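Trainee: My questions will all concern the structure given below.
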Amino acid sequence: MMLLSSLLYLYLLAAAALAVPAQEKRVHHQAGLSDHVHDDSQNYQYDHEAFLGKEEAKTFDQLTPEESKDRLAKIVDRIDTDKDGYVTHSELHQWIKHRQRRYIEENVNKHWKDYDQNRDDKIAWEEYKNTTYGYYLGEEFSDIEDKDTYKSMLARDERRFKSADKDRDGIATREEFTAFLHPEEFDYMKDVVVQETMEDIDKDGDGKINLHEYIGDMYTSEDSESEPDWVQTERKHFGEFRDVNKDGYLDANEVAQWVLPGEVDHADNEAKHLIYETDTNKDEKITKKEILANWNMFVGSQATNYGWTPDSV
């Protein structure tokens, strides 16, 4: 399989970078829970997509109210991880985050068998390394034109793998392997994201990013081409906002503030909203009975597609 998996992964990253403006390609924004406006007086489509995920919400839209309630009851059992009969804010928050990250988990599951060579439902570093780089390891990349790049890729993969491996046993669970492939989605991997960003941009290797390097990562000027307005704006942003301590460089802390901006936790807010609206005895946790009594807020059904509104319930 050689380097196919790594090259494909890098290609997908590059494609994602090209899908956004150049000045935004390094910034990891938190994805919204739904494209719908969150207005419960109009409909609950935002809540449906937040609670179920966009694709699953479409499935529920095709169900009858009875089928929708039955499936919701089973979901509640999954959310109640400690099986105490209550859904807490923490449990609901984690569920919503899980549903919103499902596309990432599906991508990991799709390629899992390629790496899990001994079928123990875990991936050791040696398994990943041999699957991705195995053909070249014995020859030390001798027949690759740019072998230094591939050696660097291998070292970077190993460092990231070890960071994702929380218990340091050299073996990744599905959660740890997801953190390896998508470090920007995990709080404990933020240092890795920052480190790799700095290495990508810091061309002179002095451990910090100057204005020339910052702009060069976004824009390469052509002969006789005038600089676009957005590039000039980014030059101002570097000095006015990015370079917090005004020393002319971006250090690791400043890069973290740039590429991992603190944003509203939409999943947290949605969990609070759903509990507030359905917690009839105001004990700050909800039972299956309370959830099913408000099933139409959590999930959809054919009723949603045929004129249902909050006032009609």
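Trainee: Which of the residues that make up the range 67-81 are closer than 17 Å to H93 by Cβ and open to solvent by 20 Å² or more (accessible area, probe 1.4 Å)?
Mentor: If the condition is that a residue be closer than 17 Å to H93 by Cβ and open to solvent by 20 Å² or more (accessible area, probe 1.4 Å), then R78, T81 are the ones that fit.
Trainee: Any residue that is crowded, with 18+ Cβ neighbours inside 10 Å, in a helix (DSSP H, G or I) and touching an Asp or Glu at 6+ places or on another chain (Cβ under 8 Å) - is there at least one of those in the range 215-227?
Mentor: Yes, the range 215-227 has at least one match.
Trainee: What are the pairs, 6+ residues apart or on separate chains, where a residue within the range 69-98 that is closer than 21 Å to G32 by Cβ has its Cβ under 9 Å from a residue that is hydrophobic (A, V, I, L, M, F, W, C) and at pLDDT below 95?
Mentor: If the second residue must be hydrophobic (A, V, I, L, M, F, W, C) and at pLDDT below 95, the pairs left are L92/A267; H93/A267; Q94/A267; W95/A267; I96/L33; I96/A267; K97/A267.
Trainee: Among the residues of the range 186-213, which ones are of a type in the set (S, T, N, Q) and open to solvent by less than 20 Å² (accessible area, probe 1.4 Å)?
Mentor: Selection gives T197 alone.
Trainee: Another one. Would you tally the residues in the range 276-305 being in a loop (DSSP other than H, G, I, E, B), open to solvent by 10 Å² or more (accessible area, probe 1.4 Å) and either within 11 Å of A73 (Cα to Cα) or small (G, A, S) (or both)?
Mentor: 1
Trainee: Could I ask something else about it? Which residues, taken from the range 31-66, are in a loop (DSSP other than H, G, I, E, B), open to solvent by less than 20 Å² (accessible area, probe 1.4 Å) and out of contact with any Asp or Glu (no Cβ under 7 Å at 6 or more places or on another chain)?
Mentor: Residues satisfying the conditions are G53, L63.
Trainee: Pull out all pairs, ordered by first then second residue, where Cβ-Cβ is under 7 Å, the residues are six or more apart or on different chains, the first lies in the range 213-227 and is within 22 Å of D200 (Cα to Cα), and the second is of a type outside the set (A, V, I, L, M, F, W, C) and open to solvent by 90 Å² or more (accessible area, probe 1.4 Å).
Mentor: So the pair list comes out as E213/K203; I215/R235.
Table: residues versus (1) within 22 Å of the chain's Cα centre (by Cα); (2) among the polar types (S, T, N, Q).
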{"position": "H36", "(1), (2)": "yes, no"}
{"position": "K54", "(1), (2)": "yes, no"}
{"position": "A57", "(1), (2)": "yes, no"}
{"position": "E66", "(1), (2)": "no, no"}
{"position": "T81", "(1), (2)": "no, yes"}
{"position": "H93", "(1), (2)": "yes, no"}
{"position": "R102", "(1), (2)": "yes, no"}
{"position": "K110", "(1), (2)": "yes, no"}
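Trainee: Let me ask another. Output the residue which, of all residues in the range 239-255 that are hydrophobic (A, V, I, L, M, F, W, C) and surrounded by fewer than 19 Cβ atoms within 10 Å (Cβ to Cβ), is nearest to the chain's Cα centre (by Cα).
Mentor: Among those residues, the one meeting the criterion is A252.
The values are calculated or read from the model by the stated rules, or taken from the named source; none is laboratory data. Being a predicted model, the structure only gives us computed values, none of them experimental. For neighbour counting, all protein chains shown are included, and Cβ atoms are generated from backbone atoms with ideal geometry for every residue, glycine included. Just the protein is used for accessible areas: all its heavy atoms, side chains included, with ligands, DNA and RNA removed. Shrake-Rupley method; radii C 1.70, N 1.55, O 1.52, S 1.80 Å.
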